[in-house]
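Below: the structure, in structure tokens.
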Amino acid sequence: MSDDVFIIGLAQHKFGRFPEKDSLDMASEIAMAALADAGMTMADIDVMGCGSLLEAGSGQRILHQIGATGIPVYNVTNACATGANAVRVAYMEIKAGISQVGLAVGFEKMGKSGLLGLAAKVAGADKKVWAPAGRTGSVMPTEGVLGSGMMPAVFAEIAMEYANNNDGVGFEQFAKVAEKSHAHSVLNPYSQYRKAFSLEEVMNAEVIAWPNTLPMCGPTGDGAAAVVIVSGEKLKTLPDDVRKRAVKISASVMTSDPWTAGGQAGPDVNTCTRMAADKAYEMAGVDPQDLDLVELHDCFATAELVHYDNLRLCEPGMAGKFIDERGPWRDGKIPVNVSGGLVSKGHPLGCTGVANLVEVGMHLRGEAGDRQIPDAKVGLTHVIGLGSTCAIHILEKVS
Amino acid sequence: MANQIPVVDYLSLDGAPHLEAQECENCGALYFGRRNACAKCFKPGPFKVRRLADTGTIRGFSIIQRAVPGLTAPYVSALVDLDGGGSVKGNIINTEPSPENIKLGMPVRLATYSLGTDDDGTEAVAFGFQPA
């Protein structure tokens, strides 16, 4: 088995809607930017992980643009955890000693997609004869009939379950999360939206799926992000200026959702996150209180709040108090989503899980510009893919 | 009503409408839908049909204001923990869909309603939950 794995090159595209570029333009540009950042070309790369949900199987198409050398390409999809999976397959090849240098690319071209979930499954008006189908013998699409599988509703329910189990959590606390993230986004030039909202504006905005109002929902958009990672052995051979900017991957952990009673009614994103977090802290030898910043999966502001607790950023059951006391603000106890989070930055599915490593990596290098968390040494990234998957990476500044 | 069909097979219309789960005879884990094995204890089964309670409490919910095209909003989607075991997703019906009215931990009871008839005259029946 190889020693530690390090990020030596990173790049992210601005999030947003870019009709003038196609997905290959964006992914190729960012892959080349990450390579240039590492002082490398495709000639140096042993393995590629590529994540895109809507254009699965695109890794080779990118290589056909930027450098086709015959290396293995792992095209991965895993819902919203797709990008983190792309990093992890390259990481595993290096860890296994099969490869020395890996490139991971995550991208998505979504444009303005509207509500995500089960929109295609609403009953049609064709001639109909009810016939049981599928594993639950349903006679028609059940979206809106047996609850909702739409993302704003699913993550609202997850958050309300937390409110049911813990005191001091409600609509106002969820809204405060969005207020915080949008305030952070103003400093991030990569963010799709960079507009601050007052708490009142968040609470009085259009309700999408209560308690999620519009500014509490992550927008769809286009994005691309890439990292170049190397073995410790390889790092030793690289120039000083590359080594100085290297970021160590202290933990890379992935879990799927284990059986839980409640998980039969709706996705359980808590148990798999708690399992992954505990394992990641142990692997890295890091305590949650050591974290200088966290980029966690806030597809909705409601989702962010439950992960304060799942990631042990607050005392058990105290996520409401944590946001009330401004713990996750950039000048708080543990800054969370200083990028503006997915609710501001946007959530181009396959891109997200790579982009959060890029974001934390920029802070650890001291290259995050106006939004820099001063003297950041340790950071954590977290993504959830419904179905469900959790992927966590802990990154540390070297030297 | 001979010509009725449940919207999903875990709603039984045999006698008083009720929900049925597949229960692992080894560990007691409950599931909806056809099983290949038990995800909790990893045994291949067997499974038996277990009748679930008609009553339960709301564990989590959302009031959908912006629904997908073709659906009427607002409506309430909820996670309901049934008394005695079983957790199921369904709409909260026969009550005003407002945050003031729908409460966490609220006791609810199974209720059914018609989804209309097909071209052969068969009526599809759905379930939801109403305040108990």
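The values are calculated or read from the model by the stated rules, or taken from the named source; none is laboratory data. Predicted model, so just to flag it, every value in this text is computed and none were measured. Heads up, the Cβs are rebuilt from the backbone with ideal geometry, glycines too, and the neighbour counts pull from every protein chain shown. We work out accessible area using only protein heavy atoms, side chains counted, and drop any ligands, DNA or RNA first. Shrake-Rupley method; radii C 1.70, N 1.55, O 1.52, S 1.80 Å.
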Counting only protein heavy atoms and rolling a 1.4 Å probe, one gets per residue an accessible area for chain A in Å² of 35 Å²
Using the Kirkwood formula on alpha carbons, the hydrodynamic radius of the protein assembly as shown in angstrom works out to 24.0 Å
Which residues qualify? For A:Leu386, with a placed amide H closer than 5 Å and at least 5 residues away or on another chain, they are A:Cys80, A:Ala81
Karplus-derived 3J(HN,Hα) from phi for region B:8-19 (6.51 cos²θ - 1.76 cosθ + 1.60, θ = phi - 60°), whole Hz, x at Gly and Pro, runs 9, 6, 8, 9, 9, 9, 7, x, 5, x, 7, 9
For region B:41-69 the residues that are at least 50 Å² less accessible with all protein chains than alone, 1.4 Å probe, are B:Arg59, B:Phe61, B:Ser62, B:Arg66, B:Val68
Checked against a 20 Å limit on the C-alpha separation, the offending pairs among A:Lys176/A:Lys345; A:Lys248/A:Lys345; A:Lys236/A:Lys397; A:Lys248/A:Lys279 are A:Lys248/A:Lys345
For region A:202-221 the residues that are at least 50 Å² less accessible with all protein chains than alone, 1.4 Å probe, are A:Ile208, A:Trp210
Relative contact order in percent for region B:4-131 (Cα pairs under 8 Å, 6+ apart) equals 22 percent
For region B:107-118, Karplus-derived ³J(HN,Hα) couplings (6.51, -1.76, 1.60; θ = phi - 60°; whole Hz; x for glycine and proline) come out as x, 9, 9, 4, 9, 10, 8, 7, 9, x, 10, 8
Averaged over residues of B:72-82, the number of beta carbons from other chains lying within 10 Å of each residue's Cβ is 5
So the carbon and sulfur contribution to the accessible area of region B:4-131, 1.4 Å probe, in percent, is 46 percent
Once accessible area is computed for A alone, B alone and the pair with a 1.4 Å probe, the total buried surface, to the nearest 100 Å², works out to 4000 Å²
Out of A:Met216, A:Met40, A:Met48, a Gaussian network model of chain A with alpha-carbon springs under 10 Å gives the largest mean-square fluctuation to A:Met40
Stretched fully, the stretch from A:Leu199 through A:Gln60 gains (0.36 nm per residue minus C-alpha distance, one decimal, in nm) 45.5 nm
Taking R0 as 41 Å and r as the Cβ-Cβ distance between A:Ala79 and A:Thr237, the FRET efficiency 1/(1 + (r/R0)^6), rounded to the nearest 0.05, comes to 0.65
In nanometres, the difference between 0.36 nm per residue of separation and the alpha-carbon distance of B:Leu13 and B:Ala37 is 6.0 nm
Answer in debye to the nearest 20: the dipole magnitude of region B:4-131 about its Cα centre, from +1 Lys/Arg and -1 Asp/Glu charges placed on Cβ, is 660 debye
Each residue of B:107-117 has, on average, a number of other protein chain C-beta atoms within 10 Å of its C-beta equal to 1
With Cα springs under 10 Å, the Gaussian network model of chain A assigns the largest mean-square fluctuation among A:Gly320, A:Gly70, A:Gly149 to A:Gly70
Note to self: with every protein chain in place and a 1.4 Å probe, region B:4-131 gives an accessible area per residue in Å² of 43 Å²
Rounded to a whole %, the carbon-and-sulfur portion of the accessible area of chain A at a 1.4 Å probe is 52 percent
In chain A, whole DSSP H helices that both stretch 15 Å or further along their axis by alpha carbon positions and average at least 0.0 on the Kyte-Doolittle scale are A:23-37, A:82-95, A:151-165, A:349-365
Scalar couplings 3J(HN,Hα) for region A:225-236 by Karplus 6.51 cos²θ - 1.76 cosθ + 1.60 (θ = phi - 60°), nearest whole Hz, x for Gly and Pro, are 8, 8, 9, 10, 10, 9, 6, x, 4, 5, 4, 4
Between A:Ala43 and A:Ser113, the FRET efficiency computed from the C-beta separation at R0 = 41 Å comes out, to the nearest 0.05, as 0.65
Rounded to a whole number, the mean other protein chain Cβ count within 10 angstrom for residues of A:132-141 is 6
GNM on chain A, Cα springs under 10 Å; top mean-square fluctuation among A:Gln60, A:Gln264, A:Gln192 goes to A:Gln264
